[in-house]
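Computed from the coordinates by the stated procedures, all read-outs in this text should not be read as laboratory data. Note that this is a predicted model, so its numbers are computed, not measured. Please note: Cβ atoms are built from the backbone with ideal geometry, for glycine as well, and neighbour counts cover all protein chains shown.
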Amino acid sequence: MNPEIAPALEAILLVADTPVDAQLLAQLVEQPVEEVENLLHELASEYAAQGRGFALVRVAGGWRYQTEPAMAAYVERFVLEGQAAKLSAAALETLAIVAYKQPISRAQIAAIRGVGVDGVVRTLEQRGYIGEVARDPGPGQAVLFGTTPVFLEKMGLDSLADLPAIAEFVPGADVVEALEHGLRVDEGVVEAIAEDLGPEELERQREELEARDAAVVDLTEHRDAPPDAPEGSEHVEVEVFEVVEALEVGADPEAAPRSDVAEGNAAPPEGPGADEASAGPGGPSAAIDPDRDRHG
């Protein structure tokens, strides 16, 4: 083999921005793909044996130079000084879901995480870590997301098959049992609280809760009444509100004051001028027109 082939491959990989496929390298140096692959493996082994601060690795289906993982602490001091462009925990969780469940829709991601993911998905798309890979054939044809070569490059993976098995991150049965045991309520504590309150107090609180639940149900039914509900429904709704408020403050629901204004029965005015004020037009309380008096 031409002695210039190895230096030529090194020079090409040094100026490349992304991993370069072995087939393209073979075309550039005009050598068979198998020989180029073997030469690249030899160079990688040579660098590792020499203990260099860089390595030649196969990533995202191509070859590239990258720093040796053991030198990460020194590289971070130079690269990350004063920078804080890190992915949030929510973004990392979403990226992991896409990596292991792809292709996956936005709604499926949200269902797994239990929260909205629009902003996080948009961030990952802008960073180039995920992208649209297909469309769901079902109703709506939702966009299906998957990881990109940039994700493989950043993670140092040759393909998705190199992702660690998800079973490695699942806790064992003993850990799950311990977590469930920690969430269980101690029956002894419940019995002690019931004993302190006494049967009469427990019964009273149970009745109050049942009365409150019934009042809330009635309130919901009247609130959801159709627009053509019969007259008096507003009056019933006001009464339900008053019952709920009375139960919350511990008062007697029957003693709760009613809103006369809401019922449409305004209280008659009291006092010496009550009769005049209640009279209709032309009655004692009719306004006197001064112009009429002036002109006779």
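Between residue 122 and residue 100, what's the calculated FRET efficiency when r is the beta-carbon distance and R0 is 25 Å? Round to 0.05. Between residue 122 and residue 100 the formula returns 0.75.
Along the range 156-171 the Karplus relation, 6.51 cos²θ - 1.76 cosθ + 1.60 evaluated at θ = phi - 60°, assigns HN-Hα couplings of x, 10, 7, 7, 5, 5, 7, 4, x, 4, 5, 5, 5, 9, 8, x Hz to successive residues, with x for each Gly and Pro.
Residue by residue, the range 148-153 carries 3J(HN,Hα) couplings of 10, x, 4, 4, 4, 5 Hz when phi is fed to the Karplus relation 6.51 cos²θ - 1.76 cosθ + 1.60 (θ = phi - 60°); x denotes Gly or Pro. Our coupling estimate for the range 117-132, obtained by passing each phi through the Karplus curve with A = 6.51, B = -1.76, C = 1.60 and θ = phi - 60°, is 10, 4, x, 5, 4, 4, 5, 5, 5, 5, 6, x, 7, 10, x, 6 Hz, Gly and Pro reported as x.
Taking amide H atoms as placed 1.01 Å from N in the peptide plane, the amide H of residue 144 lies under 5 Å from those of 133, 134, 135, 136, each 5 or more residues away in sequence or on another chain.
Within the range 96-119, name every residue whose backbone N is under 14 Å away from a label modeled 7 Å from Cα of residue 180 along the Cβ vector. Under 14 Å, as judged by backbone N against the label point of residue 180, lies no residue of the range 96-119. Extending 7 Å from Cα along the Cβ direction at residue 115 and again at residue 214 yields two label points whose distance is 4.2 nm.
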